[in-house]
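The values are calculated or read from the model by the stated rules, or taken from the named source; none is laboratory data. The structure presented is a predicted model; accordingly, all values stated were derived computationally and were not measured. Methodologically, a virtual Cβ is constructed for each residue, glycine included, from the backbone with ideal geometry; neighbour enumeration extends over all protein chains shown. Only protein heavy atoms, including side chains, enter the accessible area calculation; ligands, DNA and RNA are left aside. Shrake-Rupley method; radii C 1.70, N 1.55, O 1.52, S 1.80 Å.
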Amino acid sequence: MPGTTEYPVQLIQPDGARVHHPEYQALVADIGPGELRQLYEDLVITRRIDTEAVALARQGQLGLWAPCQGQEAAQVGSAHALRPDDYVFGSYRESAVAYCRGVRPSALTAMWRGVTHSAGDPAAVNMANPAIVVGAQGLHATGYAYAAHLDGAEIATVAYFGDGATSQGDVAEALTFAASWSAPVVFFCQNNHWAISEPVQLQSATPIARRALGYGIPAIRVDGNDVLAVLAVTRQAVARARGGGGPSFIEAITYRMGPHTTADDPGRYRTAAETEEWARRDPILRMRLLLEAEGLLDAEFRRRVDERADEVAHLMRTETITMADPEPSELFDHVYATPHRGLDEQRADYSAYLAADPAAALVTIAPTPREEGVRS
């Protein structure tokens, strides 16, 4: 895997024009009209999911949501490079990756609504539940990848994290272990330029990909708003992992258009001019312009994609707001892989406590007032 840490790989310019790059074009030579349309559809649907989830949070239906607007190409492009038997470890922002892996969108909102501790069944889609502890998933992915290697499984394991996570010790430890033991893991950093309110320039005085080179891990930078370029470099990295070549590091340069979470106000720490500049590099607009230039975006196709996106969002909203509150005793479910007497005793004690004072099981949270102008 060539170490391209200076100039990000790009196959589609912001105006939709193709970039001549023989090495990486060859990695996506099989992506024809049908595949291009599917990539566009997934980009549109995942943004619609994100928009709806933000609205749900603003309306008090979710406790929190971590938007991924602007980062869809980094997530969709990389997810399309994976096989079903590959395994994914993400943070709390990889809703587009989850959708492409087959996670039901309402499984994601269920966690943020507080009715479950998970986001579906990891075994069903080979994607772990979102990691809330920043950077912890790097260690989880490395351990899983190494264990899979010992088992003889020819798979790739991918760890997604943001630029801020690269300052966490967990990520440094994961890089060290992966390099030392040649674990088949792909470290996928979405450099969205802001770790909450801290700009990436304070995280690293050098391109983040260069950090991986210091560990002896091949690294590459890619235009994270270019879905084809992301697909190409991720295919290269996962092929290396499956073939026994060890770890790789991808820095996808993108931008978080919205807040860090719905509890954040990005207007307090970044300028409108910066956001407007990145809006011109929008990943969906870029793909739309490419499809238009190649005669693949007729009105009927756009209508079908938009209708499908609305259907997915409507179903997610309906399933979210009708979710039943869990039984208090479910607090003890899935705490241990194997039930034991101590846990049974705690469950019984808690049940007796609730029986004596049923009101203790009720937690009242005042709903967030619906913001003016927020619509589903």
- Would you mind stating whether Val158 is within 25 Å of Gly245 (Cα to Cα) and either surrounded by 20 or more Cβ atoms within 10 Å (Cβ to Cβ) or modelled with pLDDT under 95 (or both)? yes
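Mind checking whether some residue in segment 171-181 is among the hydroxyl-bearing types (Ser, Thr, Tyr), open to solvent by 40 Å² or more (accessible area, probe 1.4 Å) and not in a strand (DSSP E or B)?
We begin by selecting, within segment 171-181, every residue among the hydroxyl-bearing types (Ser, Thr, Tyr); these are 176, 180.
This time we only want the ones that are open to solvent by 40 Å² or more (accessible area, probe 1.4 Å), so: 176, 180.
Going one step further and asking which of them are not in a strand (DSSP E or B), we end up with 176, 180.
So far as segment 171-181 goes, yes, one or more of its residues are among the hydroxyl-bearing types (Ser, Thr, Tyr), open to solvent by 40 Å² or more (accessible area, probe 1.4 Å) and not in a strand (DSSP E or B).
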- Query: Within segment 183-198, how many residues are farther than 30 Å from Gly152 by Cβ, in a strand (DSSP E or B) and either touching a helix residue (DSSP H, G or I) at 6+ places or on another chain (Cβ under 6 Å) or modelled with pLDDT under 95 (or both)?
  - Reply: 4
- Can we say Tyr24 is open to solvent by less than 10 Å² (accessible area, probe 1.4 Å), hydroxyl-bearing (Ser, Thr, Tyr) and farther than 30 Å from Asp325 by Cα? yes
- For Gly216: the one exception among (1) of a type outside the set (Ser, Thr, Tyr); (2) within 20 Å of the chain's Cα centre (by Cα); (3) at pLDDT 95 or above: (2)
- Pairs, please: C-beta under 6 Å, at least 6 apart or cross-chain, first residue touching a residue at least 60 places away in the same chain (Cβ under 8 Å) and acidic (Asp, Glu) and in segment 129-141, second buried (at least 21 other Cβ atoms within 10 Å of the Cβ) and in a helix (DSSP H, G or I)? none
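Got a sec? Which of Gln59, Gln75 is over 23 Å from Cys189 (Cα atoms) and polar (S, T, N, Q)?
Numbers: Gln75 fails: over 23 Å from Cys189 (Cα atoms).
Just one listed residue meets the conditions, Gln59.
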- Message: Which numbered condition in (1) open to solvent by less than 80 Å² (accessible area, probe 1.4 Å); (2) modelled with pLDDT under 95; (3) assigned to a helix (DSSP H, G or I) is the only one that Glu345 fails?
- Response: (1)
- Task: Mind listing whichever residues of segment 291-334 are in contact (Cβ under 8 Å) with a residue 40 or more places away in the chain, open to solvent by less than 90 Å² (accessible area, probe 1.4 Å), closer than 30 Å to Ile12 by Cα and not acidic (Asp, Glu)?
- Result: Leu291, Ala293, Leu296, Leu297, Phe301, Val305, Ala309, Val312, Ala313
- Query: Only one of these conditions is not met by Gly138: (1) under 14 Å from the mean Cα position of the chain (by Cα); (2) at pLDDT 95 or above; (3) within 29 Å of Ser180 (Cβ to Cβ); (4) outside any helix (DSSP H, G or I). Which number is it?
  - Reply: (4)
- Query: Taking segment 316-342, which residues are within 24 Å of Gly102 (Cβ to Cβ), among the polar types (S, T, N, Q) and over 25 Å from the mean Cα position of the chain (by Cα)?
  - Reply: Thr322
- Message: When you scan segment 200-214, do you find a residue that is farther than 22 Å from Tyr146 by Cα, in a strand (DSSP E or B) and either open to solvent by 50 Å² or more (accessible area, probe 1.4 Å) or not hydroxyl-bearing (Ser, Thr, Tyr) (or both), even just one?
- Response: no
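At pLDDT below 95 and either more than 30 Å from Gly70 (Cβ to Cβ) or under 24 Å from the mean Cα position of the chain (by Cα) (or both): which single residue out of Ala279, Ala313, Ala355, Ala309 fits that description? Even if it seems obvious, please write down each step before you answer.
Numbers: Ala279 fails: at pLDDT below 95; Ala313 fails: at pLDDT below 95; Ala309 fails: at pLDDT below 95.
Only one candidate qualifies: Ala355.
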- Do we have any residue at all in segment 162-183 that's at positive phi, in contact (Cβ under 8 Å) with a residue 24 or more places away in the chain and more than 21 Å from the chain's Cα centre (by Cα)? yes
- Hey, among the residues in segment 241-258 that are surrounded by 18 or more Cβ atoms within 10 Å (Cβ to Cβ) and more than 15 Å from the chain's Cα centre (by Cα), which one's farthest from Thr51 (Cα to Cα)? Gly246
